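K.L.:
The structure follows.
The values are calculated or read from the model by the stated rules, or taken from the named source; none is laboratory data. If you're wondering where the values come from, they're calculated on a predicted model, not measured in any experiment. So basically every Cβ, Gly included, is an ideal-geometry build from the backbone, and we count neighbours across all protein chains shown. Remember, those area values only see protein heavy atoms, side chains included, never the ligands or the DNA or RNA. Shrake-Rupley method; radii C 1.70, N 1.55, O 1.52, S 1.80 Å.
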Amino acid sequence: MSEESNEKPPMSEAQKLVYAVVGVFVVGFLLVGASKEQSSEDKEAAAQIRSLVAMQEMANQKCPKLIENKTGSQVFFPSRTDTDKETYVTMEWTGEDGQNFKKATCTLHISLGGVSKLVIDDKVIIDKKI
């Protein structure tokens, strides 16, 4: 006589791994679905951040090139930055030993799509009206 056992054989390591991977995918889909729901305030804040980042990125590309073209000195990190977080960003560099300037200030207005004011050692190089 054979006794039938109601016990299931233990799961193999491969089966455990498959279940774990499927579980991770299910949790991932649930998290993505839940994070898609944003309020209008969240969307507005995200758009403002994207705009500020784009403006800063544009200023970081254009201003150092203009300063290098006008002075022959390469600049990297501004010593001071000012912005209203919506329309303009102003960056200031202080010249160090070996550089051909003492102070350079560059303002980028997003409405112009480029540099609106560049001042090097109190000499106005660019001054576009908005």
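K.L.:
Quick one: is I67 of a type in the set (V, I, T), under 24 Å from I110 (Cα atoms), part of a helix (DSSP H, G or I) and over 16 Å from the mean Cα position of the chain (by Cα)?
P.N.:
yes
K.L.:
Here's a follow-up. For the stretch 18-66, which positions are exposed (fewer than 10 other Cβ atoms within 10 Å of the Cβ) and acidic (D, E)?
P.N.:
E37, E41
K.L.:
Also, quick follow-up: Mind counting the residues in the stretch 105-130 that are assigned to a loop (DSSP other than H, G, I, E, B) and either open to solvent by less than 30 Å² (accessible area, probe 1.4 Å) or of a type in the set (A, V, I, L, M) (or both)?
P.N.:
Start the filter on the stretch 105-130 by keeping residues that are assigned to a loop (DSSP other than H, G, I, E, B), which leaves 110-113, 121-122, 128-130.
Imposing the further condition that a residue be either open to solvent by less than 30 Å² (accessible area, probe 1.4 Å) or of a type in the set (A, V, I, L, M) (or both) reduces the set to 110, 112, 130.
Matching residues across the stretch 105-130 total 3.
K.L.:
I'm trying to understand the selection: among the residues of the stretch 104-114, which are out of contact with any strand residue (DSSP E or B) (no Cβ under 6 Å at 6 or more places or on another chain) and not hydroxyl-bearing (S, T, Y)?
P.N.:
The answer is I110, L112, G113, G114.
K.L.:
With the condition kept exactly as written, say whether any residue in the stretch 79-97 is within 21 Å of the chain's Cα centre (by Cα), in a strand (DSSP E or B), in contact (Cβ under 8 Å) with a residue 40 or more places away in the chain and surrounded by fewer than 17 Cβ atoms within 10 Å (Cβ to Cβ).
P.N.:
Within the stretch 79-97, not a single residue is within 21 Å of the chain's Cα centre (by Cα), in a strand (DSSP E or B), in contact (Cβ under 8 Å) with a residue 40 or more places away in the chain and surrounded by fewer than 17 Cβ atoms within 10 Å (Cβ to Cβ).
K.L.:
Shifting gears a bit: Picking from I49, I110, which residue would you name as being free of Cβ contacts under 8 Å to residues at least 24 places away in the same chain and within 18 Å of the chain's Cα centre (by Cα)?
P.N.:
Answer to the check: I49.
K.L.:
Based on this model, can you work out whether V75 counts as surrounded by 17 or more Cβ atoms within 10 Å (Cβ to Cβ) and either polar (S, T, N, Q) or more than 17 Å from the chain's Cα centre (by Cα) (or both)?
P.N.:
yes
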